[in-house]
Amino acid sequence: MPLETGKTISCDVLVIGSGGAGLRAAIAAKSTGADVVMASKLNIGKTSNTYISKGVMATLGFGPAEDNIDKYIDDTLKVGRFLNDRAMVEAIARQQENETAFLQQCGAAFAMDGDKPMLLHIPGHQYPRHLVAANWRGSDIVFPLKHFAAKQGVVFEEHLFVSSILSSDGRVSGACGITTDGRFITILAPAVVLATGGYSQIFMNTNNVPGITGDGQALCYELGLPLKDMEFVQFYPTAMGRRGSRLLLNEKLLAQDGVSLKNQAGENIIKKYGFDDFLTVTRDLLAQIMMRETVKGIVVLDLTHMPSGIDKQLSHLLPASYWKGEKRFQVVPTAHFCMGGAITDDYGQTPLAGLFAAGEIAAGAHGANRLGGNSLSEIFSMGSISGSCAAVQTKTPQKPNVIKSLADNERYRIDQQFSSRGTDSDELLSNLKQVMWHKAGILRHRAHLEQALQMLENPWPDIRVRTPAELIKSLELYNMRLIATAVCKAALMRTESRGSHFRTDFSIEDNDNWLKNIIIHKTESGMTCKAQPASSVHPD
Ligand SMILES: Cc1cc2nc3c(=O)[nH]c(=O)nc-3n(C[C@H](O)[C@H](O)[C@H](O)COP(=O)(O)OP(=O)(O)OC[C@H]3O[C@@H](n4cnc5c(N)ncnc54)[C@H](O)[C@@H]3O)c2cc1C
């Protein structure tokens, strides 16, 4: 069943992805007078991690007078274990305050403390410097941005899965995609902003929305562009629901007397691993403890003995069923955020002229680990910067004939995927996710990483593709296999533990040998990794 020929669209700036980074980039580009089209594989704004986030955002300008850009940068580099791109961290720090003002101007509602925004003090930051969306819901930020973009005249193309980026003469020239009802769409654009988010869906347990499958990173890789820090994935220790799909913020709850995490034998697992004080257990350490325990049996967050009155104060953190009498919640660790991705400069420009990347798709801002609230500040700051810079590129003359032949080639490649025989992609996907979780997830070891790579690199059966929906699933699976391979190769190469990357066979951080980023490249001999000294300077 070949695809139908859909429309060809021309615009000045194409933005791919409709989370916070994409919406902010589209608004910034449109504000300069550019024609902007936004393509998103599912619903605009709604099916994004920004929408389901807790809306906690680091920003300067509201906290104590002694806080400043340098201290914010120090905190970010320290948690990133000095693998961050310092120039990018500085760019984000400088832009944050403007972005907060812009979000407020758009109508984003933040929680208030009297007539001032309420400030949170998040672990790892020296000062209270976080605003939080009024109802702890990212949707309270995404909706106003979406409405602002629509009012400005940004054109939304939803349910459009982008399958390739077109480039000619060393610069970007547009993209091709497939709609869920089976039309092949070509978009001509001299500037493109990729804002497709991370790749946490390669793991069995994740709290990310569907569709966060590393497509943008895979598109960059296929263009021959480098990826960086792919081994660094942040795992959150406690989530509820099937496969850890619902984040349960634990820090405030576990800090209360009488609240504990218990295994099937009823043991307090934090004490079991030798910690008397919960406050000394970092998020990564707790994720490792949770992984060790959940492979043996269930773990519950036990709120039975939470002091009375505290529940009302912490009501925004509690699951709805708590109020119906449920006090013990089964929890599992879950893949939460990806630090690795496309390499860009501090304007969001990738090495391909006219192609930008902003938000979780891009590497650099967080290094080996991300500080709480730093993603939202990154996506709005870098979205804004890259959207404005993309709009400057729109004067480049286009070559419609060349682009048409590139699009025809892509159309041919896609049509070749249809086949009434073969294996169901869901089966292969489920296997990939399980292997990545158990062999390349929170606890990593050489032997397990090699087993995962073997599964990924050995030949796979042909996939059955009969409908547009099956086609999109199979293309996503291709991307996830590629990105999973990059994660495993980089994790295998990094023979130390740093930030969110933990090797049970190399459990120590090794600054003598590993103050380096791992760069992944497509070459004629396949996927290659090389280590390159990091740009941040370690204080010692
Ligand atoms: C449950 C949860 C809570 C969080 N809470 C916080 C918080 O409070 N503070 C904080 O700082 N961070 C938080 N984070 C992290 C933060 O939400 C994300 O890192 C951030 O929202 C990513 O924004 P983004 O715009 O880069 O990507 P996303 O918001 O994930 O958007 C990606 C977009 O790209 C689209 N897309 C992907 N592939 C394609 C394709 N091939 N074609 C077309 N479209 C495509 C997707 O459909 C989506 O619209 C949280 C994350 C989760 C999962």
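The values are calculated or read from the model by the stated rules, or taken from the named source; none is laboratory data. Only a predicted model underlies this, so the values are computations on that prediction, with no experimental measurement involved. We place every Cβ from the backbone using ideal geometry, glycine too, and count neighbours over all the protein chains shown. Please note that ligands, DNA and RNA were not included when accessible areas were found on the heavy atoms of the full protein model with its side chains. Shrake-Rupley method; radii C 1.70, N 1.55, O 1.52, S 1.80 Å.
Values computed for the structure shown
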item: Residues that are of a type in the set (A, V, I, L, M), over 22 Å from C106 (Cα atoms) and more than 9 Å from the ligand (Cβ to nearest atom), drawn from region 123-163; result: none
item: Residue in region 383-401 that is open to solvent by 10 Å² or more (accessible area, probe 1.4 Å), in a helix (DSSP H, G or I) and touching a Leu at 6+ places or on another chain (Cβ under 9 Å) present; result: yes
item: Filtered residue count, region 490-517, keeping only those that are crowded, with 22+ Cβ neighbours inside 10 Å and of a type in the set (D, E, K, R); result: 2
item: Odd one out for F62, checked against (1) near the ligand (Cβ under 8 Å from one of its atoms); (2) at pLDDT below 95; result: (1)
item: The listed residue being open to solvent by 30 Å² or more (accessible area, probe 1.4 Å) and in contact with a Leu (Cβ under 9 Å, 6 or more places away or on another chain), out of K530, K473; result: K473
item: Region 347-359, residues that are surrounded by fewer than 19 Cβ atoms within 10 Å (Cβ to Cβ) and within 28 Å of F502 (Cα to Cα); result: none
item: From A368, A362, residue being crowded, with 24+ Cβ neighbours inside 10 Å and more than 9 Å from the ligand (Cβ to nearest atom); result: A368
item: Subset of region 10-37 that is farther than 28 Å from P117 by Cβ and within 17 Å of the chain's Cα centre (by Cα) - its residue that is nearest to the ligand (Cβ to nearest atom); result: I16
item: Residue that is among the polar types (S, T, N, Q), within 14 Å of the ligand (Cβ to nearest atom) and over 29 Å from R283 (Cα atoms), where the choices are S48, S40, S53; result: S40
item: Candidates V162, V132, V142 - the one that is part of a strand (DSSP E or B) and open to solvent by less than 10 Å² (accessible area, probe 1.4 Å); result: V132
item: Only listed residue being in contact with a strand residue (DSSP E or B) (Cβ under 7 Å, 6 or more places away or on another chain) and charged (D, E, K, R), chosen from D70, D75, D12; result: D12
item: Extreme residue, farthest from D70 (Cα to Cα), among residues of region 93-137 that are under 23 Å from the mean Cα position of the chain (by Cα) and among the basic types (K, R); result: R137
item: Single residue of region 318-337 satisfying the filter (in contact with an Asp or Glu (Cβ under 9 Å, 6 or more places away or on another chain) and under 17 Å from L254 (Cα atoms)) that is nearest to the ligand (Cβ to nearest atom); result: P319
item: Any hit, region 101-118, residues being at pLDDT below 95, open to solvent by less than 10 Å² (accessible area, probe 1.4 Å), charged (D, E, K, R) and assigned to a loop (DSSP other than H, G, I, E, B); result: no
item: Qualifying residue in region 219-226 (condition: within 11 Å of the ligand (Cβ to nearest atom), touching a strand residue (DSSP E or B) at 6+ places or on another chain (Cβ under 7 Å) and open to solvent by 10 Å² or more (accessible area, probe 1.4 Å)); result: yes
item: Yes/no for Y347 being assigned by TED's automatic domain parsing to the domain that holds S48 and among the hydroxyl-bearing types (S, T, Y); result: yes
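Let's see how each residue does on (1) under 30 Å from H538 (Cβ atoms); (2) in the same structural domain as Q349 (by TED's automatic domain parsing); (3) in contact with a helix residue (DSSP H, G or I) (Cβ under 6 Å, 6 or more places away or on another chain):
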| residue | (1), (2), (3) |
| --- | --- |
| A58 | yes, yes, yes |
| V79 | yes, yes, no |
| I92 | yes, yes, yes |
| D115 | no, yes, no |
| D140 | no, yes, no |
| F143 | no, yes, no |
| Q152 | no, yes, yes |
| L160 | no, yes, no |
